[in-house]
Structure formats: C-alpha cells, structure tokens
1. Taking the conditions exactly as written (assigned to a helix (DSSP H, G or I), of a type outside the set (Asp, Glu) and under 35 Å from the mean Cα position of the chain (by Cα)), does Tyr327 satisfy them or not?
2. Do any residues in the range 371-398 that are more than 13 Å from Gly413 (Cα to Cα) have Cβ atoms under 7 Å from those of residues that are among the aromatic types (Phe, Trp, Tyr) and assigned to a helix (DSSP H, G or I), where the two are at least six apart or on different chains, and which pairs are they?
3. With the range 217-311 as the region, which strands (runs of 3 or more DSSP E) entirely inside it contain at least 1 residues that are at positive phi, surrounded by 15 or more Cβ atoms within 10 Å (Cβ to Cβ) and of a type in the set (A, V, I, L, M, F, W, C)?
4. Check Val380, Val373 and return the single one that is in the same structural domain as Lys451 (by TED's automatic domain parsing), modelled with pLDDT of 90 or more and in a helix (DSSP H, G or I).
5. For the range 401-460, what are the residues that are among the polar types (S, T, N, Q) and either in a helix (DSSP H, G or I) or more than 22 Å from Asp377 (Cβ to Cβ) (or both)?
6. If Tyr173 meets every condition in (1) among the aromatic types (Phe, Trp, Tyr); (2) in the same structural domain as Val65 (by TED's automatic domain parsing); (3) at pLDDT 85 or above; (4) over 27 Å from the mean Cα position of the chain (by Cα) apart from one, which number is that one?
7. Go through the residues of the range 369-385 one by one and say whether even a single one is among the hydroxyl-bearing types (Ser, Thr, Tyr) and under 28 Å from Cys435 (Cβ atoms).
8. Any idea which residue in the range 327-337 is surrounded by the most Cβ atoms within 10 Å (Cβ to Cβ), counting only those that are touching a Lys or Arg at 6+ places or on another chain (Cβ under 6 Å) and over 13 Å from Ser307 (Cα atoms)?
Amino acid sequence: MSKEKNGYRFLIKWFVALGDILLINLLFILIYNWTETYNLEDFDSKRNVAVLLFHFSYFFAVYFVPIRIYKPIMSTNKIIQRSLSLIALYAIIYTSCLFFLKLKPDTFPVHFIIYYYLSLFIVFTIWRVIARETLKIYRRYGKNYKRVIIIGAGKNGLNLYAEMKKDMAYGYYIYGFFDDNLLLKNTLPNYLGMTHEVETFSLENNIDEIYCTLPNSQDEKIVRLLNFAEKNMIRFYLIPEFSRYVKKKLILENIEYFPIMTVRSEPLQSIHNRIIKRIFDIIFSSLFLVTLFPVFYIVLGSIIKLSSRGPILFKQKRTGIYGKEFYCYKFRSMLINEEAHDKQAEKNDPRTTKLGYFLRHFNLDEIPQFYNVLKGDMSVVGPRPHMLKHTELYSSIIDKYMVRHLIKPGITGWAQVNGYRGETKTLEQMEGRVCLDVWYLENWTFLLDVKIVLITIINMFKGEKNAY
C-alpha cells in the first residue's frame, strides 16, 4: 500500500489528539497566569498531581468520546456536539478525581476551573472544526482516500455511487462496478468486469473496501466475496435491497446473531441523552418558576381577572408521550365557552379577549407550562401537545402522526420556530408540522434544543404573526 494512497491515515487521530493535549496545556498556562498572582514555578506536590490529573482525565474522557473527524461524513453540528460532550465528561472526571483523592479545594481556585473549562468548550470546538475542514481540503487534493469497488450495478449500486461521488472530501476513490450483466459493459463508463474477476482486481489494486449491492438471491456469490475480503483484510459492506425504497437512515441492532434494522434513529432512546435533556428541563423550568413566573402571574393574572370572568389559568387535556393524557396549563386568553376543548383558536376569533390576543401574539399564554415541564409531563423543547380531539382525527388521516408522541411534548419546538405555529387550516399544514416534529425526534441534540430556545425568545420579542 503506497503512502500516497494511504495518506498517513493512521496519523490523523494522533494528530488531533496531540492538538487536544497542546490546547489543554496552553490554556492551562494562559488562564493560570491570568487568574493567579504566583508563577508556575511555585507549584507544590499537590498542584503537580492535579496537573497530571488534567492529562489523565483527558485520556479517560477521549476513550468514551473517541475522535471521529476522520469519518467520511461528519457534519459540523456533530463535531460541535462531540466536542462539547468530550469537555463535559472531561470536567466531570477531573472533578471526581480531585474529590476521591481528597485534594484541597484551593489546589486550584473555583474561578480558575470555571474559566478553564469555559475556554476549553470554545477552543476545542473551534479546533475540531478547523481540523475537520483541513482534512476535507486534504482529501480534495487526492490524499487520505480509500480505494473502493462496487459489486452490482443495479439501482442500489448506482445510488450508492452517486452518494459517494458527491464530494471528494468523503475520501473515496471509486474504481467502478463489477456485475455479471455483460450488457452494462457498453452503458457504464466504469464497468470493470464480472463478479468472478473481483478477487484478482482487488489484490492488484490494493482495494480497501468492497461494497456489495447484490440481491439476497445471489447469496453464494456474496458469501464467496465476503470470505475473500476477510482473508485479505479488505473491509466488506453489504447494502440491503430495501434501501431502494426506504430513503432514510436505518439503525442496525442485533438479537444474538440476527441483525435487525430499525427504521428510525432516536437519540433520546439513549439514557445519557435523556438525562441531559431532563436536567436541562429541570434547571431551566425551576429558575424560571422561582424568578420571573411570580411576576408574570401577579401582573397578568390580575389583568385577566379584571378584564373577564373566569380563572387565571386554563387547563386542558392534551396528548403526551406515548399517547398518555395530561392537563396542560396556560394563561386563559379566551372568554369562558363550550367549544374550548374542541375548536382551535382562529384569526379574529370572537372568543379571544383583548388581553388574550396580546398573550398569544407574544407566546406569553404558554408560560404556565413550565410547571408541566418541572412536573415531567412536558419538556422545554418538543412537539407541541395537541387537543385529544385533534389527536384522534389526525392520527387516522396523517401518516406517521403518532410518531411525534414517542417523545415528550414541548413548550416550543422545531415546527414552531419554522413557521408552524397557531391554527392549522389545512391538512397540508398539519402534515408539514408532523414532518418537522418527526425530524426533530430523529435528529435531536442538546445544541438543537438550545438553538430552538434562542429562536423562540427572539420570536417572543418580535411577535408571532400566526399566533392568534
């Protein structure tokens, strides 16, 4: 295997790890000198142990959050998420080490630790993104690529080829196709031969990876090629037949030796992601409920009581996670009416009070739902909970409608910040909302939640034209 072809691939992870360690030490020196009145030369034995723990904690953290920027496809959002996860775990491990080794809290002052990890959050993210972009540029110059062949030139094979060729930064050099249909020889510009020629070609050209798109009916050929690849240390990938019509990411699971494909990625199925989201919900809702909510409740509650007959809060049964019903709380924005639990608010709705228009326009009517969040019925971010009647109606006419109930409903959500707020006059509008809710379910990250919260706050000050 030539160096040019290999592109020193094995060094990429070590290069990134070396950059991580340099950043750890450089930031330590800079922030320590900035926050302390004494020099690094004044270190005693305990501080030396604490410095060693910085490095130990990094290596331990990177074991659980390994370096992945060399992967063919890695989005910037994913790099940022992994960088933040690494630093968060790094901080937890280091703090735990200080506690269990019974090092005094003043070994390093609290303000130093805070400045240090906040800086790492920012610098690590920038460094990893730069490293990834540099690698992509390097690959576009024809370096650090994998030599690839595709077995089977049917629809699956051609679709796979198109995806791999989208960007040279993926790091694939595709020689072409092997297929037993000789007619393809005249139609495919990169037809390489029949399947019995794969072995010879692979050995002569140092092939790294074989992608097999043959149908299951050709299992003898597949097994032969698989055994050849493993014998010669070539990575072998099977492309399932159903990928022709299932156009989405699939997750492979196993029951013993039986592979099982699930049709949906759900990040919140992971226990640590659920813990992160729940901790955020508890902290965010608790802070709001003990600081701003009393002010809103006294001011808005007084105006609600003075302006119209009825309670300050309006509660209504909504559909929650797994279809479980719960009472959702809002500031009352309508006159008492018999249609409250069946009919959506409409534009120029005569039931809505003057104060109600104001509350809805600026999303202030949703504020009491922070109690639902703290209670555990809702999350700060998630699909909006619908009335029971709407759940019953739309679940029968919209495909994947009930999928949105696989996670907790939210005060705000991805659909809401993308224009799907308020009344849904048409079936297409509800389908668009459901589509975005399912996308959120499949692509959740903590950073996405933060982004949605920030957009929601901005929209509150701007006002929502679709909220009435």
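The values are calculated or read from the model by the stated rules, or taken from the named source; none is laboratory data. Everything quoted here is computed from the prediction, not taken from an experiment. Every residue, glycine among them, receives a Cβ derived from its backbone with ideal geometry; neighbour counts consider all protein chains shown.
1. On the way: assigned to a helix (DSSP H, G or I): no; of a type outside the set (Asp, Glu): yes; under 35 Å from the mean Cα position of the chain (by Cα): yes.
No, not satisfied.
2. Listed pairs, sorted by first residue: Tyr394/Tyr401; Ser395/Tyr401.
3. Hits in the range 217-311: none.
4. When all the criteria are applied, what remains is Val373.
5. Gln416, Asn418, Thr424, Thr426, Gln429, Asn443, Thr445, Thr456, Asn459, listed by residue number.
6. (2)
7. Looking only at the range 369-385, we keep the residues that are among the hydroxyl-bearing types (Ser, Thr, Tyr), and these are 371, 379.
Retained after the next criterion (residues that are under 28 Å from Cys435 (Cβ atoms)): 379.
Scanning the range 369-385 turns up at least one residue that is among the hydroxyl-bearing types (Ser, Thr, Tyr) and under 28 Å from Cys435 (Cβ atoms).
8. Of the residues in the range 327-337, the ones touching a Lys or Arg at 6+ places or on another chain (Cβ under 6 Å) are 327-329, 333-335, 337.
This time we only want the ones that are over 13 Å from Ser307 (Cα atoms), so: 327-329, 337.
On the way: Tyr327: 12, Cys328: 25, Tyr329: 21, Asn337: 12.
My answer is Cys328.
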